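This report refers to the structure that appears directly beneath it.
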Amino acid sequence: MYKILTLNNISVKGLERLPRDGYEVASEIGHPDAVLLRSFKMHDWKIPTTLKAIGRAGAGVNNIPVDKMSKLGIPVFNAPGANANAVKELVLAGMLLAARNLLPAWQYVNNLSGADSEISKQVEAGKKQFVGYELAGRTLGVIGLGAIGVKVANAANALGMNVIGYDPNITVRNAWQLSAHVKQANSVEDMLSQVEFLTLHVPFIDATNNLINQERLQNAKSGLTILNFSRNGIVNDVAVSEAIKANIINGYITDFPNSLLIGHERVVALPHLGASTGEAEENCAIMVAEQVRDYLENGTIKNSVNFPEMKMPRTKEGNRLLVVNANVPRMIERISATIANHNLNIMDMLNRSRGDVACTLVDVDNEIPQEVVDSLIATEGVLTVRTKLR
Ligand code: 3PG
């Protein structure tokens with residue numbers, strides 16, 4: 001039985017991918033083999049010695065100590081793209097909220113009172129305060145053209161907007177998905193000088209910390225509205241708040257409220273709703289549960305943020321061994337020598353590496369004795385060893 005600990009609510013549809021005859025899943029469970037989580041902050045969490053895998057039912061992994069996990073030989077899986085449509089729709093909603101002054105207009109109506117004929121008069125008298133503009137013909141800048149950014153760019157283009165993208169690391173796959181109408185910016189500054197809306201879809205890493213800051217905002221085209229459905233810290237909130245006050249930019253729509261932003265006249269702060277749709281929660285949970293299961297049962301690695309991709313077909317006869325080790329010379333030699341010293345015949349073998357981590361899958365023709373595991377564990381550079389994967 002594999003034990004799976006959930007550190008946040010994970011959609012039942014995903015948990016159903018872990019069959020009850022092989023998995024015990026609970027929000028409180030000792031000695032977990034894997035954890036599934038969403039935004040739970042794992043940085044100060046005590047890592048159980050039994051932990052073999054982490055599944056982030058979402059995209060961002062800044063709540064997980066990924067480097068520490070790599071050193072422990074634990075893969076971190078996420079669900080890239082699984083909530084992209086939900087985020088895309090919220091970005092469109094954000095632009096519409098801003099362009100049509102919908103929140104102040106809604107507040108205006110909520111404060112009306114009196115007989116219906118009186119309300120009707122106030123409606124007609126008041127509406128001129130909320131005259132907005134249309135998105136078609138306006139320019140949107142998208143920083144980060146991953147699964148979400150590409151969807152946002154294409155949807156905005158379909159609404160008749162001019163779209164400019166910026167992503168020095170765009171993948172070939174995402175480039176294929178991107179509408180040919182999306183123009184390319186040479187830099188963030190170049191983009192800021194041209195756009196009425198700016199949306200960010202990048203992970204929170206050193207390179208994106210404070211990406212939109214006071215200096216860059218000096219280049220902003222007048223009337224700019226910024227949308228941050230990525231992460232707190234990518235946009236400098238103080239700089240944005242000052243730029244709004246100084247009329248350098250028009251407004252800020254963010255999924256990451258704080259005391260500075262709450263109640264700010266031209267800020268709409270939402271409670272981290274980007275991926276909060278039933279569909280996205282299901283998609284993320286299913287994707288990540290399947291990936292964690294395939295890793296626990298077969299050593300397959302797909303959509304890991306710190307481990308190499310790997311998959312080796314299974315045969316009925318083979319007994320599988322998974323070794324996670326430091327990516328240094330002579331590891332394969334040591335692993336195969338240990339196996340050979342115990343008179344096991346290697347039927348199939350696969351080795352993949354990524355950064356400092358390497359993984360080796362070996363199928364052998366006989367039961368793998370504990371001594372093999374013990375001597376592999378004792379081998380310099382070996383981080384984890386697993387047998388009886390099924
Ligand atoms: C993500 O990184 O996938 C989103 O920010 C969603 O986070 P959540 O799963 O906590 O809603």
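The numbers here are math on the coordinates, done by the rules we state, and not lab data. The structure displayed is predicted, hence computed values, not measured ones. Glycine also receives a Cβ, built like all others from the backbone with ideal geometry; neighbour counts cover every protein chain displayed.
General remarks:
- Between the stretch 321-341 and the stretch 82-146, the alpha-carbon center distance in angstrom: 60
- Gyration tensor (alpha-carbon) shape descriptor, the stretch 308-390, a/c threshold 1.5: oblate
- Virtual paramagnetic centre 7 Å along Cα→Cβ of L273, amide N under 16 Å, in the stretch 221-256: 227-230, 252-256
- When each of the peptides 283-296, 258-271, 89-102 is scored by how many other beta carbons lie within 10 Å of its residues on average, the order from highest to lowest is 283-296, 89-102, 258-271.
- Shape of the stretch 346-390, Cα gyration tensor, a/c cut at 1.5: oblate
- When each of K183/K302; K127/K245; K68/K302; K13/K311 is checked by Cα-Cα distance, pairs over 29 Å: K183/K302
- Applying 1/(1 + (r/R0)^6) with r as the Cβ-Cβ distance of K128 and I205 and R0 = 41 angstrom yields a FRET efficiency of 0.35.
- Between L389 and D356, the FRET efficiency estimated from the beta carbon spacing at R0 = 25 angstrom works out to 0.60.
- Calculated on the alpha-carbon coordinates, the convex hull of the stretch 88-165 measures out at 94 cubic angstrom per residue.
- Remark: the E367-L103 segment gains 88.4 nm on full extension, using 0.36 nm per residue and subtracting the alpha carbon distance.
- Pairwise Cα distances in the stretch 136-234 exceed 20 Å for 30 percent of all pairs.
- Cβ-Cβ FRET estimate between D348 and L96, R0 fixed at 56 Å, reported to 0.05: 0.55
- Rg/Rg_ref, the stretch 84-269, where Rg_ref = 2.2 N^0.38 Å and atoms are Cα: 1.09
- Relative contact order [Cα under 8 Å, 6+ residues apart], the stretch 308-390, whole percent: 43
- Per-peptide packing, taken as the mean over residues of other Cβ atoms within 10 Å, places 184-190, 219-225, 111-117 in the sequence 219-225, 184-190, 111-117 from highest down.
- Point-to-point label distance, H181-K121, nm (Cα→Cβ direction, 7 Å offset): 4.6
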